[in-house]
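The values are calculated or read from the model by the stated rules, or taken from the named source; none is laboratory data. Please read all numbers here as calculations on a predicted model, not as lab measurements. Cβ placement follows ideal geometry from the backbone for every residue including glycine, while neighbour counts extend to all protein chains displayed.
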Amino acid sequence: MPIRLYDSLNRELKPLEAHQKDGVFRFYNCGPTVYAPAHIGNFRTFVVNDVIRRLLELEFGKDKVRHVRNLTDVDDKTIRRARDEGRPLAEVTKQWTDKFHADCAALNCLPPHVEPTATGHIKEQVDMIEVLLRKRHAYRAPDGSVYFRVSSFQEYGELSHLQERELKTGSALAGKPQTADADEKEDGSDFALWKAWKPEDGDVKWPGPDDAAAGRPGWHIECSAMSKKHLGDNIDLHTGGVDLLFPHHENEIAQSECCNGVTFANHWYHSEHLLVDGKKMSKSLGNLYTLDDLKAKGFSPMALRYSLLAGHPRKQLNFTLDGLHAAESALKTLRAYRAALPAQGGTVFVDQPVLEALQDDLNTPGALGALFTAINHHKPAEVSAEHFDRAMFALGFDLQAAESPKAAAPAEVEALAEKRWAAKTAKDFAAADALRKELATAGWSMLDRKDGYSLEPLKK
Ligand SMILES: [Zn+2]
C-alpha cells in the first residue's frame, strides 16, 4: 500500500511518489534555528518527520530515500544571541547544533542524509538571488538590501490560500508590527532575500549579490538554495511545522519557482502545534519544556517520543505530564512483551495494522491503538519478533533505551549514589542504609542491579 499523506497545497490526500527517473525519493524538512535548545513543540515536528522518513525507507528502500534537513545558523536570533553573550556567531551556533543533535539522538530520530547550514551555502544563495534580480523577480532597495517582488509571481499565496486582494493591500501582514524595512520595500508584502549589513550585525557579513551591499541572506532563501543544491529543482516532499506555512514556505515556493522555472515541491505536509496543558507554549507562561526539563523530572526521551506520536500529527496535541506517565508505562508494556517474544516462529505480524495506519495519512494514534489491540489479543508465543521489530522501527521506538535516564539526577544525588554503591560493595550495610535514606530525602530511589545501579525519582 502506498503512503498517502495530506497535501497542504492541493488540500487532499495524495500518494507519495518518487518523481525522478532514478527512483530516489527527495525529502526536504525545514530544520531548527540553532540559538537555544529546541523545545518539545519543535520536537513534535522532528519526530513526526522522522516517522515519515522511516515509512519512506520501508516503502522505497533505504538507499532510495534522500532526506535533507537544514540548520539555520545565521539570522536575527542567532546574531542577537552571539552579541548578547559576546561570543563569535559560529561558536554559539556550534553549541546549539551539538545540543540539537544530542536531543535528536536521544529521541531516536534518524539523522538526515545531508544537513546543510545557511552559512555554508552563501554562494548558492547569492547565485539564486542574482538569477531573481536578472529575471526582475527581485529588486535592490536603497540601503543595498534585495527584496523579492511578490507581485511578479502570480501563484503567490496558493499554499496558504491567501486571497489575492489581501496580498495586494498588504493586509496579509495585518496585525504584524510595521517592520523597520517598510521604507525600503516597493510593497508591504515583499520580503527580504538579502539584508544589507547593519552595525548590530557586528562582523557577520558576506559580499552581496550584484550591486547589493555586503550583508547576509534572508531566512527564506536558504531553504530554496539548499534544497536546489542537495535535491535538485523539483523535490518530492517538503515538510515543516504549520507555523512555517506562511510566510516561510510560501516564500520558498516563490523564490524557487521563479528562479528554476519548474514546480518546487510535489507534495507539502505540515504538522500541527503542540499545546502544553491546553495552552500555547510560551516563556511567560513557564510551560516551555525542553527535553532536559523532562529528563530532570525523571522521564525518558522515549516517553516523550511516544507522547508526541499519541495525537494525530495534523491536529493540535495537548501535552501533559500525565500523558508522559502513561507513555512511560506503555513503553514498559512493550518492553516486557518484546522480551517474551520467541526468537523464531510466531505467525502473527503486528506490523501490518501499524503500517496500515501510518500509511493512511500518518495516523500515529491509530497505529499505537492497533499495536496494543494486537498485543492484547495475541500471546507473545504467537507473534513474530521480526515483524514486531519492524513496527518498532516504523514508530522509532528504541526499547533498549534506558527506561529512565541516569543522567537526570543532579550531581549531588549522583555523588550520594556513588558513595552508597561503594559502601554496599564494601559490605558496609549500615552506611549504605543511611545513604539510601539521604537519597530518599533528596527525592530519589536507587535500584541495585548485579553490575551497577540506576536512579529513579520518587513519585510525589
Ligand atoms: Zn525552510
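Things to note:
- Taken over the stretch 188-226, residues that are part of a loop (DSSP other than H, G, I, E, B) and within 16 Å of the ligand (Cβ to nearest atom) amount to 1.
- Total residues in the stretch 20-34, condition more than 16 Å from the ligand (Cβ to nearest atom) and either farther than 19 Å from Val114 by Cβ or under 17 Å from the mean Cα position of the chain (by Cα) (or both): 1
- Strands (runs of 3 or more DSSP E) fully within the stretch 1-109 that include at least 2 residues being among the hydrophobic types (A, V, I, L, M, F, W, C) and in contact with a strand residue (DSSP E or B) (Cβ under 8 Å, 6 or more places away or on another chain): 25-29, 65-69.
- Inspection of the stretch 98-105 finds a residue satisfying the criterion of being within 25 Å of Ile235 (Cβ to Cβ), buried (at least 19 other Cβ atoms within 10 Å of the Cβ) and more than 16 Å from the ligand (Cβ to nearest atom).
- Which listed residue is more than 16 Å from the ligand (Cβ to nearest atom) and surrounded by 24 or more Cβ atoms within 10 Å (Cβ to Cβ), from Tyr289, Tyr306, Tyr269: Tyr306
- Of all residues making up the stretch 370-396, the number that are in contact (Cβ under 8 Å) with a residue 12 or more places away in the chain and either among the small types (Gly, Ala, Ser) or outside any helix (DSSP H, G or I) (or both): 10
- Flag if Asp277 is surrounded by fewer than 21 Cβ atoms within 10 Å (Cβ to Cβ), under 23 Å from Pro365 (Cβ atoms), within 16 Å of the ligand (Cβ to nearest atom) and not hydroxyl-bearing (Ser, Thr, Tyr): no
- Search result, residues across the stretch 242-263 that are crowded, with 23+ Cβ neighbours inside 10 Å and either within 15 Å of the ligand (Cβ to nearest atom) or among the acidic types (Asp, Glu) (or both): His249, Glu250, Asn251, Glu252, Ile253, Ala254, Gln255, Ser256
- In the stretch 64-91, the residues that are under 30 Å from His19 (Cα atoms) form Cβ pairs under 8 Å with partners that are in a helix (DSSP H, G or I) and among the aliphatic types (A, V, I, L, M), at six or more places apart or across chains, as follows: Val65/Leu56; Arg66/Leu231; His67/Leu56; Val68/Met226; Val68/Leu231; Asn70/Met226.
- Residue in the stretch 45-60 that is in contact with a Leu (Cβ under 6 Å, 6 or more places away or on another chain), within 16 Å of the ligand (Cβ to nearest atom) and within 30 Å of Val92 (Cβ to Cβ) present: no
- First in the stretch 236-260 and in the same structural domain as Phe27 (by TED's automatic domain parsing) and hydroxyl-bearing (Ser, Thr, Tyr), second anywhere and within 11 Å of the ligand (Cβ to nearest atom) and part of a helix (DSSP H, G or I), Cβ under 8 Å, 6 or more apart: Ser256/Ser224; Ser256/Ser227
- Output for the stretch 410-459, where each listed residue is charged (D, E, K, R), within 17 Å of Lys295 (Cβ to Cβ) and without any contact (Cβ under 8 Å) to a residue 12 or more places away in the chain: Lys459
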